[in-house]
Amino acid sequence: MSRRRRGIREIEPPGQSLLNEEGGLPEVKGVLTIMVPKTTDAKALRKYLLGDLSTEDQEAFELWLMSEDDAYDMVLAAEDDLIDEFLAGKLSVTESQQFHNHFLIALERQRKLEFSRIFREYANRKPVPAVPTLPAPARSFWKELGALCRLQPAYGAVSAALILLMIGGGYWSGVSSSALRLDSTKAALQQAETQRHDLQLQIDEIQATSKQLSSQLAQLDNAFGDLQSVAVSGSVVALNLSPILTRSSNDDLPTAQPTPATHLIQFVLPLLDDNYPAYSVALVDGEGKRRGPRQPLAARTIQNVKAIVVTFPPESLPAGDYSFELSGITNSDETEAIREYYFRVR
Amino acid sequence: MGCIPAPWGVEIMSRRPKSSSPLGFHECGRYNGAQRKVAAPNGELRRFRSLSSTHAKPDPDEITQEQLNLLLDWLDPDREKAGIRYEQIRKRLIKIFVCRASNNPEELADKTINRVARKLPEIRATYVGDPAHYFAGVAANIMREAIRKDRIPAIGMPDSPSATEDREKDYSCLEKCMEKLDTEDRSLVLDYYRLEGQAKIDHRRQLAEQLGIGLNALRIRACRIRSDLQACMQKCRAEGAEFAK
């Protein structure tokens, strides 16, 4: 027996149904011609996901899903789109019912919805950094000129004349400047002593400015250190660490005081300079033992200050003294120790 | 007698008692519902489910080692490629059962594979075409059976978001997972899923042009990053404090 469905191409389904022996359903023999849906048919795919297709079309979709390389990814992407539309409140009443009564039955989809809800909120909060584009191939002046000359031979002749003029002009200029340079060297020698004196004055000035900058930086670090145990949202405690404090700065150590309601402690490690493409942070306890592996992290800008942000659940930080070892990761993946940030948990 | 040599190294990771040998085939026992990991020559582990030994009384939902070998040979004479094909077919079968609103898609996918494996000696000589199509046909029959047996009532997902404290953990996990992405993927996934309506469509078209890829390729790429993020977040939630270290 042969059945024909809306055919785009022929594929061979099972030669015979197993259910004849085991389940008693009608046997299907022979080669069937089955519709394979167009992958771009988003509406049909959406109906399939909502369980709104006829059995025949559903089975045709399943053959496509089993055989096409991209089909699986297309279905996953369509699921994402459908969930996003549901969350945006864009499904019709009927679609919403189908979404609840069919689409969401599988646990996998429920998890996907839950994740999408969180991801959507997160994406809306986050500013979008620019997507790196494909770099345009670099074209030199000489390549451009060559291309122009190939297209317009007349430009070639004009360009050649211009180049000759430039070379000639450059030679003349070189000869005359040599003579002038002899005179100017004499003058320069006479002025050298004066310049040396001026340079010394400039060096003194730079040193004074440097001291002033160091003092400002220390003030900034102190300001970070003063912002201790700031509650961000009731369940998150944020602690700004200072890069200039040492273990011996006993009373000045920034202190986190998590409450039973605290679920996360967030540490901000300000950077004095941002010279590395990535950083890693290791937590060290009061006895100098490293707790857990290093976490690779990127620098973030917080209120115009470059910083590394790390979070820990309070249960992983019992009361005591700790420090973070901050290291920079170079482009060649080498790790270079930068500094330590000390803090206390009560 | 009757001990079945495994095609590659074999590891049982199942509901069997712990006292059993990790190399299950030496024991010739019946591993109902066992999930095997099979180490391919390149060291990669593959899973095969529901195997039984040859001399034990066959369970309708189990297959023997010979049947599994036959199935793998049918999928591809190269055992490594057959293993990859097996995984692809299983993954797609699970998706089919998910799309058919089954709440036990993995079980039905394994049942489908086992049924194909048992039927293979009869059909192999005459069957023409992609083996995957045969699996799809059998899956449709299995689904009909399941519907007749026990139609599972629809269970709607509660719409209300999870508790605030869980939300904070979720955001923290998501933040960590985002940080694990490379800069390009992070930018792309945030950029792709913003805006609404026509503005979103126009923006995605612009983004595809900017990246020098087609719209469909962009859609699949964004979807894969999102899937990776979801997997990372689930792992983060499950591991809790350990993940943060």
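Numerical summary
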quantity	calculated
Residues that are charged (D, E, K, R) and either closer than 10 Å to B:Cys99 by Cα or not in a helix (DSSP H, G or I) (or both), drawn from the stretch A:103-117	A:Arg109
The stretch B:180-227, residues that are more than 20 Å from A:Arg125 (Cβ to Cβ) and under 24 Å from the mean Cα position of the chain (by Cα)	B:Asn216, B:Ala217, B:Leu218, B:Arg219, B:Ile220, B:Arg221, B:Cys223, B:Arg224, B:Ser227
Qualifying residue in the stretch A:282-296 (condition: of a type in the set (Asp, Glu), buried (at least 16 other Cβ atoms within 10 Å of the Cβ) and part of a strand (DSSP E or B))	no
Failed condition for B:Pro131, given (1) within 19 Å of the chain's Cα centre (by Cα); (2) at positive phi	(2)
Qualifying residue in the stretch B:140-149 (condition: among the hydrophobic types (A, V, I, L, M, F, W, C) and at the interface with chain A (Cβ under 8 Å from one of its Cβ atoms))	yes
Residue satisfying all of: in the stretch B:117-135; out of contact with any Ser or Thr (no Cβ under 8 Å at 6 or more places or on another chain) and within 15 Å of B:Arg92 (Cα to Cα); surrounded by the fewest Cβ atoms within 10 Å (Cβ to Cβ) among these	B:Pro131
Residues of the stretch B:190-211 classified as β-branched (Val, Ile, Thr) and modelled with pLDDT under 85, total	0
The stretch A:66-80 residues that are in contact (Cβ under 8 Å) with a residue 12 or more places away in the chain, paired with ones that are surrounded by 18 or more Cβ atoms within 10 Å (Cβ to Cβ) and not in a helix (DSSP H, G or I) (beta carbon under 8 Å, 6 or more apart)	A:Ser67/A:Ile11; A:Ser67/A:Val36; A:Glu68/A:Val36
Some residue of the stretch B:167-174 being in contact with a strand residue (DSSP E or B) (Cβ under 6 Å, 6 or more places away or on another chain) and at pLDDT 85 or above	yes
Some residue of the stretch A:99-109 being more than 7 Å from chain B (Cβ to nearest Cβ) and more than 21 Å from B:Leu174 (Cα to Cα)	yes
Selected residue (only one of A:Arg346, A:Arg294, A:Arg339 is out of contact with any His (no Cβ under 7 Å at 6 or more places or on another chain), within 14 Å of chain B (Cβ to nearest Cβ) and among the basic types (Lys, Arg))	A:Arg294
Pick from the stretch B:105-116, criterion without any contact (Cβ under 8 Å) to a residue 40 or more places away in the chain and more than 8 Å from chain A (Cβ to nearest Cβ), ranking: surrounded by the fewest Cβ atoms within 10 Å (Cβ to Cβ)	B:Glu106
Search result, residues across the stretch B:117-139 that are more than 10 Å from chain A (Cβ to nearest Cβ) and either under 21 Å from B:Gln88 (Cβ atoms) or among the hydrophobic types (A, V, I, L, M, F, W, C) (or both)	B:Ala117, B:Leu120, B:Arg124, B:Ala125
Filter pass, B:Arg194 being within 9 Å of chain A (Cβ to nearest Cβ) and under 19 Å from A:Asp81 (Cβ atoms)	yes
Members of the stretch A:307-338 found to be loosely packed, with under 15 Cβ neighbours inside 10 Å and under 14 Å from A:Tyr279 (Cβ atoms), listed by number	A:Thr330, A:Asn331, A:Asp333, A:Glu334, A:Glu336, A:Ala337
Contacts under 8 angstrom Cβ, first residue in the stretch B:212-229 being at the interface with chain A (Cβ under 7 Å from one of its Cβ atoms) and modelled with pLDDT under 90, partner loosely packed, with under 15 Cβ neighbours inside 10 Å and not in a helix (DSSP H, G or I), 6 or more apart	none
Unmet requirement for A:Val268, which otherwise passes all of (1) of a type in the set (A, V, I, L, M, F, W, C); (2) within 14 Å of chain B (Cβ to nearest Cβ); (3) over 21 Å from B:Met178 (Cβ atoms); (4) in a strand (DSSP E or B)	(3)
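One line per residue, one yes/no per condition, for (1) in a loop (DSSP other than H, G, I, E, B); (2) at pLDDT 90 or above; (3) not hydroxyl-bearing (Ser, Thr, Tyr):
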residue: A:Ile8; (1), (2), (3): yes, no, yes
residue: A:Pro26; (1), (2), (3): yes, no, yes
residue: A:Val31; (1), (2), (3): yes, no, yes
residue: A:Val36; (1), (2), (3): yes, no, yes
residue: A:Ala44; (1), (2), (3): no, no, yes
residue: A:Phe61; (1), (2), (3): no, no, yes
residue: A:Val75; (1), (2), (3): no, yes, yes
residue: A:Asp81; (1), (2), (3): no, yes, yes
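Yes or no, residue by residue, for (1) assigned to a helix (DSSP H, G or I); (2) of a type outside the set (S, T, N, Q); (3) at pLDDT below 70; (4) surrounded by 11 or more Cβ atoms within 10 Å (Cβ to Cβ):
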{"residue": "A:Ser210", "(1), (2), (3), (4)": "yes, no, yes, no"}
{"residue": "A:Ala218", "(1), (2), (3), (4)": "yes, yes, yes, yes"}
{"residue": "A:Asn222", "(1), (2), (3), (4)": "yes, no, yes, yes"}
{"residue": "A:Gly225", "(1), (2), (3), (4)": "yes, yes, yes, yes"}
{"residue": "A:Leu239", "(1), (2), (3), (4)": "no, yes, no, yes"}
{"residue": "A:Ile244", "(1), (2), (3), (4)": "no, yes, no, yes"}
{"residue": "A:Asp273", "(1), (2), (3), (4)": "no, yes, no, no"}
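The values are calculated or read from the model by the stated rules, or taken from the named source; none is laboratory data. This is a predicted model, so every value here is computed, not measured. Neighbour counts run over all protein chains shown; Cβ positions are idealised from the backbone, glycine included.
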